[in-house]
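Enquirer: I have a structure I would like to understand better, so I am pasting it below and will then ask my questions one at a time.
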Amino acid sequence: MPAFSSRCGRRALFWARQLVVLAVLLSPFAFCALQVGAQELSTAPPSGRPGELFDRVITNQKQSETTLDRYERIQRTETRKAGADPRPTGTKVLRLFPAGPAIDKIPLSPDGKPISTQSCRTELEKLEKYLVWVMQDGPGQKEAYAKAQRRRKERFDLIEATHQAFLFTFVGRELRADRILLRYTMEPNPKYRPTSRNTTLFTKVHGVIWVDEQSSQLAKVEGTVMDDISLSLFLAKVYKGSHFMQERYEIAPGLWEPTFEQYDFDGRKFLMPFSIHERTFYSNYKLIGPPTAAIEAVRAKLSKLRAEAPAH
């Protein structure tokens with residue numbers, strides 16, 4: 001496939017992930033808007049006043065976004081020719097490591113282990129140098145942190161936009177393991193007028209969200225593209241019927257993070273079709289902390305690797 005088509009595919013996946021982010025941020029408004037619907041269906045609503053519950057869900061979502069930047073985890077992405085294919089055509093495994101304003105990505109073998117001792121050492125040495133740089137107080141470091149803050153602010157600002165963008169309908173309760181989930185359908189609000197490229201996506205998607213009743217945490221979201229989405233100044237499209245989903249579990253007391261994502265997107269760039277079918281698994285969450293703690297963890301691992309290296 002030509003390079004421009006591949007780039008378009010990556011761009012489509014970027015927007016797919018943006019859609020998941022937007023859907024994740026939508027969950028607070030489902031709780032806020034649907035207390036009446038829950039009562040009409042003769043199901044017991046969550047305890048407390050709707051405003052109090054709304055505040056808790058908003059706080060949980062922001063905590064999840066912020067705290068994730070301090071956790072190490074393993075990301076395993078499987079690509080398929082079609083979403084229904086039982087076996088992946090390719091697998092990419094990365095160790096995601098918190099590094100202040102950035103997330104370092106260390107390649108691993110398909111079984112989740114270091115590719116080699118030397119490659120592991122090389123990657124950790126590069127990470128150590130970056131962490132040393134990040135802890136200094138210079139214009140480059142300030143800009144890196146400012147850029148990270150701008151990205152987070154953009155994500156949080158979307159919460160406000162979604163207040164008017166979607167209509168939610170309470171469906172009922174479902175059981176997932178020992179947790180009770182509240183299920184809501186999510187449809188675009190026909191009265192909503194987008195104010196940016198990101199919010200335009202709200203008008204093209206419908207789906208379902210599940211919220212953990214006990215903790216007011218988002219547990220799952222599924223969405224489907226209802227109409228073609230134009231990208232790259234209308235030179236590309238993501239087709240109607242493309243689908244995404246994300247599952248989230250409690251990975252530490254009170255902290256819910258993604259454990260699985262799936263994207264099945266089809267579209268075109270100019271006249272060339274592209275197709276993205278990916279399943280991503282997140283595991284081995286471990287709290288690392290800020291750069292001061294991260295560099296200690298990296299140096300401890302480097303010391304162990306150096307001690308285990310055979311003497312020449």
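Enquirer: Distances over 20 Å make up what percent of all Cα-Cα pairs in segment 151-248? Can you show the working numbers first?
Expert: Details: 2187 of 4753 pairs.
Percentage above 20 Å: 46.
Enquirer: Give, as ranges by residue number, the residues of segment 70-108 whose backbone N falls under 12 Å from the point 7 Å along Cα→Cβ of GLN141.
Expert: What the label zone holds, given the 12 Å backbone N cut-off, is 100-101.
Enquirer: State the volume of the convex hull built on the alpha-carbon positions of segment 192-312, expressed per residue in Å³ and rounded to an integer.
Expert: Details: hull volume 26.4 nm³, N = 121.
Roughly 218 Å³ of hull volume per residue.
Enquirer: Here is a further query. Scaled to the compact-protein estimate 2.2 N^0.38 Å, what is the alpha-carbon radius of gyration of segment 180-227, rounded to two decimal places?
Expert: Numbers: Rg = 12.7 Å, N = 48, 2.2 N^0.38 = 9.6 Å.
Rg over 2.2 N^0.38 Å, computed on Cα atoms: 1.32.
Enquirer: Which of the three applies to segment 93-172, rounded, prolate or oblate, going by the alpha-carbon gyration tensor with a ≥ b ≥ c and a/c under 1.5 meaning rounded?
Expert: Judged from the Cα gyration tensor, segment 93-172 comes out oblate (a/c at least 1.5, b/c at or above a/b).
Enquirer: Once you wrap a convex hull around the alpha carbon atoms of segment 250-312, what is its projected area averaged over all directions, in nm²?
Expert: Numbers: hull surface 37.3 nm².
Across all orientations, segment 250-312 yields a mean hull projection of 9.3 nm².
Enquirer: Determine the principal axes of the Cα atoms in segment 82-126, then give the extent along each, sorted from largest to smallest and rounded to whole angstroms.
Expert: Largest first, segment 82-126 extends 40, 27, 10 Å along its Cα principal axes.
Enquirer: Give me the base-10 log of I(q)/I(0) for segment 201-270 at each q in 0.14, 0.26 Å⁻¹, Debye formula, one uniform scatterer per Cα, rounded to two decimals.
Expert: So the normalised log intensities work out to -0.53, -1.08.
Enquirer: Sort 91-100, 137-146, 191-200 for me by packing, meaning the mean count of neighbouring Cβ atoms within 10 Å per residue, highest on top. If you can, show how the numbers build up before the last one.
Expert: Working: 91-100: 19.1, 137-146: 11.2, 191-200: 13.1.
Listed from highest to lowest mean packing, they are 91-100, 191-200, 137-146.
Enquirer: Using +1 on the beta carbon of Lys and Arg, -1 on that of Asp and Glu, and nothing else charged, what's the dipole of segment 167-312 about the Cα centre, debye to 20? Intermediate results must be reported in sequence, preceding the final value.
Expert: Values: 20 positive and 17 negative charges, 91 e Å.
I would put it at about 440 debye.
Enquirer: Oh, and also: Taking R0 as 25 Å, what FRET efficiency do you get between ARG152 and SER109 from their Cβ-Cβ distance, rounded to the nearest 0.05?
Expert: The pair ARG152/SER109 has a calculated efficiency of 0.20.
Enquirer: Moving on to the next point. Could you check the spin-label model distance between ALA300 and HIS206? Points 7 Å from the Cα along Cα→Cβ, value in nm.
Expert: Result for the modelled spin labels: 5.2 nm.
Coordinate-derived values only; no laboratory data. Since this is a predicted model, take the numbers as computed values, not measurements. Every residue, glycine among them, receives a Cβ derived from its backbone with ideal geometry; neighbour counts consider all protein chains shown.
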